[in-house]
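The values are calculated or read from the model by the stated rules, or taken from the named source; none is laboratory data. Keep in mind the model is a prediction, meaning the values are calculated, not measured. Here the Cβ is made from the backbone with ideal geometry for all residues, glycine too, and neighbour counts use every protein chain on show.
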Amino acid sequence: MPFRIALSGINSYSSSLRSTSNNIANAGTTGFKRSRTEFSDVYASSTGSGTRVAAVENQFTQGNLVFTGNTLDMAVDGQGFFRLEDNGTTVFSRAGNFHQDRDGYIVNQQNQRLTGFQADASGNITGSLGALQLDASGIQPGATTRIDMGLNLDASGDVPGMPFDPDNADSYNHSTTVTVYDSQGSEHELSLYFQKTADNTFDVYGYSGGSQVLAASSIHFDDGGQVSSPSAPSEISIPAFNPGGGAADLNITLDVADVTQYGSDFSVNSISQDGFGTGQPSSYDISGTGVISAQFTNGQSRVLGQVALANFTSPQGLTPLGDASFADSYESGAPLISTPGSGSLGLVQSGALETSNTNLAESLINLKMNAYQLLAQVKVIETAEETIGSLFDATA
């Protein structure tokens, strides 16, 4: 009986030794989750008969986050697993060392594709779940439809007293130019001229390509220097005009709500327009909630999708597959899939990786303890062998 009891200890602590050694070997493996060997005692009737391994369970405590500067590297800060497609099979992992393959898919070193919620052509996230692909195509141009102006027109300026002439700087008080875009993404200069016609009143003119596109349109101010007319919304519509080159007519609205008339020099505080030319992807951003956006060379951005995370009722029930990945099982329960930051799911940290949660100091201590336990079991066998040998000698 002592031999069998000691043998059960040798088998059990050998298993624990393998588990601890594996933890140490993977101390540098991204997303690795250490395992723990759990023992239970064995009884035959009322007599102890040794020990056995009850389970070897992965411990899903949070590993440290190490920042890499690579946008596609991702770490889950909190609960949850990345959901990956592997040739029709779904696996789960905490390892987020991803890159872009030749087809634009976000993949790991095993070419498993990261999955998420897809975005439509307008950048709206849908409920469709699939492999995330970074679209490398350019963005179509957008024609200018609106110009927002934040100007100050000098209230102390004189009325020119002559007809407006864009070629005669004495016939107007101020001017500024803004670049606008047509339907093909070509740039055009729109020049705006402001002529004071009376106290608290300025006329604005518009020219593009050497032609007048906006005749005199009045802006009236109250005694505090704020726009009183056109009344809210304080807008002036430029009649549709064709910029040439085969593009569609431009229909532009001037927002003059932020134009003021104070007794100080003319100034352009802000001026913006909503058009843009063609652009190519220049970089990608991933938010904490997993939303992936492409930034384009024309200053525009577009949402491409959103990373999906999965959680389980019992993560310890997941089946380890190697390569820091797991498969769901009956014991783990079905995956609960949602967006990062929702429910119990953690957030996604872009440009970072989660390190192994192996505690080297603790593992080395466990390694020694397992070795001592194995030596103790061997000592039991040696003692039992000596005792039995002595009994045989005594009865010989």
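Worth pointing out:
- The residues of segment 311-355 that are assigned to a loop (DSSP other than H, G, I, E, B) and of a type in the set (S, T, N, Q), listed by number, are Thr313, Ser314, Ser329, Ser332, Thr339, Ser342, Ser344, Thr355.
- One residue from Ser128, Ser137 being surrounded by fewer than 15 Cβ atoms within 10 Å (Cβ to Cβ), farther than 16 Å from Tyr262 by Cα, modelled with pLDDT under 95 and touching a strand residue (DSSP E or B) at 6+ places or on another chain (Cβ under 6 Å): Ser128
- Taken over segment 334-356, the residue count meeting the criterion of being over 13 Å from Gly80 (Cβ atoms) and at pLDDT below 95 is 2.
- The residues of segment 319-347 that are within 26 Å of the chain's Cα centre (by Cα) and of a type outside the set (Gly, Ala, Ser), listed by number, are Asp323, Phe326, Asp328, Pro335, Leu336, Ile337, Thr339, Pro340, Leu345, Leu347.
- Of the strands (runs of 3 or more DSSP E) contained entirely in segment 164-214, those carrying at least 1 residues that are touching a residue at least 60 places away in the same chain (Cβ under 8 Å) fall at 174-181, 187-198.
- Filter pass, Val159 being in the same structural domain as Gln261 (by TED's automatic domain parsing), modelled with pLDDT of 95 or more and farther than 23 Å from Ala247 by Cα: yes
- Selection count where residues are small (Gly, Ala, Ser) and either surrounded by 15 or more Cβ atoms within 10 Å (Cβ to Cβ) or free of Cβ contacts under 8 Å to residues at least 60 places away in the same chain (or both), scope segment 234-256: 5
- The residues in segment 268-284 that are surrounded by 14 or more Cβ atoms within 10 Å (Cβ to Cβ) and either β-branched (Val, Ile, Thr) or not in a loop (DSSP other than H, G, I, E, B) (or both) can be counted, and the count is 7.
- Total residues in segment 61-99, condition assigned to a loop (DSSP other than H, G, I, E, B) and in contact (Cβ under 8 Å) with a residue 40 or more places away in the chain: 14
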